[in-house]
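Read the structure below first, then the notes.
The values are calculated or read from the model by the stated rules, or taken from the named source; none is laboratory data. Computed from a prediction, not measured in an experiment: that's the story for all the values here. Positions of Cβ are generated from backbone atoms using ideal geometry, with glycine treated the same way; all protein chains shown enter the neighbour counts.
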Amino acid sequence: MRAAQFTAYGPPAVVHVTEVPEPHAGPGEIRVAVRASGVAAGEVALRSGRLRDLMPVAFPFRTGFDAAGVVDEVGAGVTGVRVGDAVFGAAGFARRGTNADLAVLTAWAAKPAAWDWAEAAGAAGAAETAARVLDRLAVAAGQTVLVQGASGGTGAVVVQFALALGAVVVGTASEHNHDYLRSLGAVPTTYGPGLAGRVRALAPGGVDAVVDCAGGALPDLVGLAGDPARVVTIADFAAREHGVHLSHGGADAPAWHGLAVAAGLADEGRLRVPVAAAFPLDEVVAAHELAETRHARGKIVLTS
Ligand SMILES: NC(=O)c1ccc[n+]([C@@H]2O[C@H](COP(=O)([O-])OP(=O)(O)OC[C@H]3O[C@@H](n4cnc5c(N)ncnc54)[C@H](OP(=O)(O)O)[C@@H]3O)[C@@H](O)[C@H]2O)c1
């Protein structure tokens, strides 16, 4: 089968599609015939070597955290899913490999009928992350939540999860994405100089919790929340200097229940996972190049 992998850290061009042996579902796992898979910002960071201290990888490293497809193997002990079912899910934080024709998943949920394969492909990573950070902040109905980097593949799902919890959401993005943020249900503003004043004008009662999906603005974000414990970042490696928690798969228990939450919201028509671009698997380098811009509006996916 074909799989995308890299054998050294470096620019997008180090990723290549090659023939590899098929993986098989172990106990507690399933294997899917992949219809589409995600290319997340985290994949870009792993491939570039930026995360080599936090999450070193062994070469060759097969890329891809999440995917959607049709179940074709069910591992020992797995219940509730059968060969032929349509699912979306994730491979896990250490072993990845979903950018391939066949992928082993360790967490999954039934693919909502409302989502096409591309939309389902990048949903699992964003849903797990959204559940993990919002649980940690104990976001509840009536609170005001600020999402920094709200127009990205992860931020858009954090926005919709927070709204589903009953929060009011202020989201930051470039101005050309403000109508998009409104369409998701967030109150938009721009990031960058003057952020604190703009947010205070939009949320005069204050901000109860901040989810930082971008990095680089923690002093402003802590000032707005009033307490570093009310800020969680998924993207700022200087978090500790500001007393802020950096949440990632190696630091916190994965919130796999987020997949079922996402499926439930999608079935109710309350969760979209917008797709910025879909590329054939063989064009994985172009997908990494787009992800590296940090300005794709939604998820980047590969179709098999
Ligand atoms: N730790 C974890 O568990 C975890 C999980 C998922 C993602 N992440 C990380 O979270 C980050 C976001 O992921 P993603 O998938 O949402 O990425 P993405 O799709 O590339 O989104 C990037 C977002 O950041 C915004 N942005 C770009 N430059 C910015 C700046 N200087 N200041 C503030 N916002 C800026 C973009 O807004 P505009 O395009 O509107 O300008 C967009 O909303 C990445 O660093 C990724 O590695 C971490």
Self-check item: Residues of the range 108-144 classified as farther than 10 Å from V157 by Cβ, assigned to a helix (DSSP H, G or I) and not hydrophobic (A, V, I, L, M, F, W, C), total
Solution: 4
Quiz item: Which residue, of A156, A162, A186, is closer than 17 Å to V261 by Cβ and touching a strand residue (DSSP E or B) at 6+ places or on another chain (Cβ under 6 Å)?
Solution: A162
Self-check item: Residue within the range 72-87 that is buried (at least 24 other Cβ atoms within 10 Å of the Cβ), within 23 Å of Q5 (Cβ to Cβ) and not aromatic (F, W, Y) present
Solution: no
Exercise. Within the range 245-262, identify whether any single residue is away from the ligand (no atom under 16 Å from the Cβ), outside any helix (DSSP H, G or I) and surrounded by fewer than 15 Cβ atoms within 10 Å (Cβ to Cβ), and answer yes or no.
Key: no
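Can you pull out every residue in the range 193-226 that is hydrophobic (A, V, I, L, M, F, W, C) and part of a loop (DSSP other than H, G, I, E, B)? Step through it out loud before you land on a result.
First, the residues of the range 193-226 that are hydrophobic (A, V, I, L, M, F, W, C): 195-196, 199, 201-203, 207, 209-211, 213-214, 217-218, 221-222, 224-225.
Hits for the range 193-226 are A203, V207, C213, A214, A217.
Confirm whether T293 is near the ligand (Cβ under 9 Å from one of its atoms), among the hydroxyl-bearing types (S, T, Y) and surrounded by 22 or more Cβ atoms within 10 Å (Cβ to Cβ). Don't jump to the end; show me each part of the working.
On the way: near the ligand (Cβ under 9 Å from one of its atoms): yes; among the hydroxyl-bearing types (S, T, Y): yes; surrounded by 22 or more Cβ atoms within 10 Å (Cβ to Cβ): no.
The answer is no for T293.
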Quiz item: Considering only the range 122-146, how many residues are over 17 Å from L265 (Cβ atoms), within 16 Å of the ligand (Cβ to nearest atom) and out of contact with any helix residue (DSSP H, G or I) (no Cβ under 8 Å at 6 or more places or on another chain)?
Solution: 1
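In the list P23, P27, which residue meets the criterion of being at pLDDT 95 or above, touching a Lys or Arg at 6+ places or on another chain (Cβ under 9 Å) and surrounded by fewer than 22 Cβ atoms within 10 Å (Cβ to Cβ)?
On the way: P27 fails: touching a Lys or Arg at 6+ places or on another chain (Cβ under 9 Å).
Exactly one residue qualifies, and that residue is P23.
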Quiz item: Right, A229: under 24 Å from the mean Cα position of the chain (by Cα) and either assigned to a loop (DSSP other than H, G, I, E, B) or touching a residue at least 40 places away in the same chain (Cβ under 8 Å) (or both) or not?
Solution: no
Exercise. Could you tell me which numbered condition G205 fails, if it satisfies all but one of (1) in contact (Cβ under 8 Å) with a residue 60 or more places away in the chain; (2) within 19 Å of the chain's Cα centre (by Cα); (3) away from the ligand (no atom under 13 Å from the Cβ)?
Key: (2)
Quiz item: For V159, all conditions in the list (1) outside any loop (DSSP other than H, G, I, E, B); (2) within 8 Å of the ligand (Cβ to nearest atom) hold save one; what is the number of the exception?
Solution: (2)
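Return the only residue of R136, R132, R95 being in the same structural domain as V211 (by TED's automatic domain parsing), within 18 Å of the chain's Cα centre (by Cα) and surrounded by fewer than 18 Cβ atoms within 10 Å (Cβ to Cβ).
Details: R132 fails: surrounded by fewer than 18 Cβ atoms within 10 Å (Cβ to Cβ); R95 fails: in the same structural domain as V211 (by TED's automatic domain parsing).
Just a single option satisfies the conditions, and that option is R136.
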Self-check item: Residue that is over 15 Å from G64 (Cα atoms) and modelled with pLDDT of 95 or more, where the choices are G97, G171
Solution: G171
Self-check item: Residues being crowded, with 21+ Cβ neighbours inside 10 Å and either under 17 Å from A276 (Cβ atoms) or in contact with a Leu (Cβ under 7 Å, 6 or more places away or on another chain) (or both) - total across the range 100-117
Solution: 5
